[in-house]
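Student: First the structure, which I've put down as structure tokens, then a few questions once you've had a look.
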Amino acid sequence: MSERETADDELLARRIARGLSRALAREGWTSLLEVPLASGRRADLLALSDDGRFLLVEIKSSAADFRSDRKWPEYLEWCDLFAFAVAEDFPFDLLPAAPGIYVADAYDAALRRPLQMAPAMAPARRKALTLRFARLAAERLRREYDPGV
């Protein structure tokens with residue numbers, strides 16, 4: 001992939017993330033982007049509901065992005081619900097049949113296929129992930145208010 005294609009993919013991924021975050025907020029989810037997991041992986045978007053459930057969304061900006069990254073099944077143990085988020089012109093036939101699909105642009109998102117339920121998360125993992133989510137959000141907010149520290 002050329003530098004130009006990579007830059008275009010990154011811009012599209014940011015737009016998808018923004019629209020998805022807006023849509024999820026309207027549904028009562030609080031979301032964070034680029035969340036490092038204890039497994040060493042990084043969730044593109046992790047959202048937390050009022051009742052403590054986690055939704056993990058893998059954002060795919062192009063067919064090449066999807067083909068080069070087949071690690072999505074590893075994310076199922078880090079969430080209660082799982083989905084992909086793509087742009088309207090994404091080739092949907094490339095995506096696996098089970099996971100949910102959000103279609104998003106820079107302003108909004110719509111659920112095209114129902115969310116996939118993940119296996120039950122162990123209570124200790126849920127607690128650790130909830131603490132990681134809270135600390136990451138707090139640290140990002142602190143850096144906004146005090147960027148020099």
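The values are calculated or read from the model by the stated rules, or taken from the named source; none is laboratory data. Note that this is a predicted model, so its numbers are computed, not measured. Here the Cβ is made from the backbone with ideal geometry for all residues, glycine too, and neighbour counts use every protein chain on show. Heads up: the accessible areas ignore ligands, DNA and RNA and are worked out on the full protein's heavy atoms, side chains in. Shrake-Rupley method; radii C 1.70, N 1.55, O 1.52, S 1.80 Å.
Student: Of the residues that sit in the stretch 115-149 and are assigned to a loop (DSSP other than H, G, I, E, B) and exposed (fewer than 13 other Cβ atoms within 10 Å of the Cβ), which one is modelled with the lowest pLDDT?
Tutor: Let us first name the residues in the stretch 115-149 that are assigned to a loop (DSSP other than H, G, I, E, B), namely 115, 118-122, 146-149.
Applying the additional criterion that residues be exposed (fewer than 13 other Cβ atoms within 10 Å of the Cβ) yields 119-120, 122, 146-149.
Values: Pro119: 91, Ala120: 94, Ala122: 94, Asp146: 91, Pro147: 84, Gly148: 78, Val149: 72.
In this case the residue turns out to be Val149.
Student: Here is a further query. Restricting the stretch 98-149 to residues that are among the aromatic types (Phe, Trp, Tyr) and in contact with a helix residue (DSSP H, G or I) (Cβ under 8 Å, 6 or more places away or on another chain), which is farthest from Leu12 (Cα to Cα)?
Tutor: The first filter runs over the stretch 98-149 and keeps only residues among the aromatic types (Phe, Trp, Tyr), leaving 102, 107, 133, 145.
Imposing the further condition that a residue be in contact with a helix residue (DSSP H, G or I) (Cβ under 8 Å, 6 or more places away or on another chain) reduces the set to 102, 107.
Values: Tyr102: 14, Tyr107: 12 Å.
Only one residue fits best here, namely Tyr102.
Student: Can I ask one more? Can you pull out the residues in the stretch 98-149 that are of a type in the set (Ser, Thr, Tyr) and within 16 Å of Glu27 (Cβ to Cβ)? Break it down stepwise before answering.
Tutor: Looking only at the stretch 98-149, we keep the residues that are of a type in the set (Ser, Thr, Tyr), and these are 102, 107, 130, 145.
Passing the criteria: Tyr102, Tyr107.
Student: Let me ask something else about it. Which of the residues belonging to the stretch 88-111 are out of contact with any Lys or Arg (no Cβ under 9 Å at 6 or more places or on another chain) and farther than 21 Å from Arg67 by Cα?
Tutor: Within the stretch 88-111, Ala110, Leu111 meet the criteria.
Student: Can you pull out every residue in the stretch 23-56 that is of a type in the set (A, V, I, L, M), part of a strand (DSSP E or B), free of Cβ contacts under 8 Å to residues at least 60 places away in the same chain and open to solvent by 10 Å² or more (accessible area, probe 1.4 Å)?
Tutor: Leu33
Student: Turning to a different aspect of this structure: Would you pick out the residues in the stretch 57-101 that are open to solvent by less than 30 Å² (accessible area, probe 1.4 Å) and touching a residue at least 60 places away in the same chain (Cβ under 8 Å)?
Tutor: Result: Ala85, Val86, Ala87.
Student: Next question. When you check Asp93 against the structure, is it part of a loop (DSSP other than H, G, I, E, B) and not small (Gly, Ala, Ser), yes or no? Write out each step before concluding.
Tutor: Numbers: part of a loop (DSSP other than H, G, I, E, B): no; not small (Gly, Ala, Ser): yes.
When the stated conditions are applied, Asp93 does not pass them.
Student: Name, by its number, the condition in (1) surrounded by fewer than 18 Cβ atoms within 10 Å (Cβ to Cβ); (2) part of a helix (DSSP H, G or I) that does not hold for Ala106.
Tutor: Here Ala106 meets the rest and fails (2).
Student: Being under 30 Å from Ala120 (Cβ atoms) and over 15 Å from the mean Cα position of the chain (by Cα), is that true of even one residue in the stretch 43-50? Explain how you work it out, then say what you get.
Tutor: Within the stretch 43-50, the first condition is being under 30 Å from Ala120 (Cβ atoms), and the residues that meet it are 43-50.
Narrowing further to those that are over 15 Å from the mean Cα position of the chain (by Cα): 50.
Yes: the stretch 43-50 contains one or more residues that are under 30 Å from Ala120 (Cβ atoms) and over 15 Å from the mean Cα position of the chain (by Cα).
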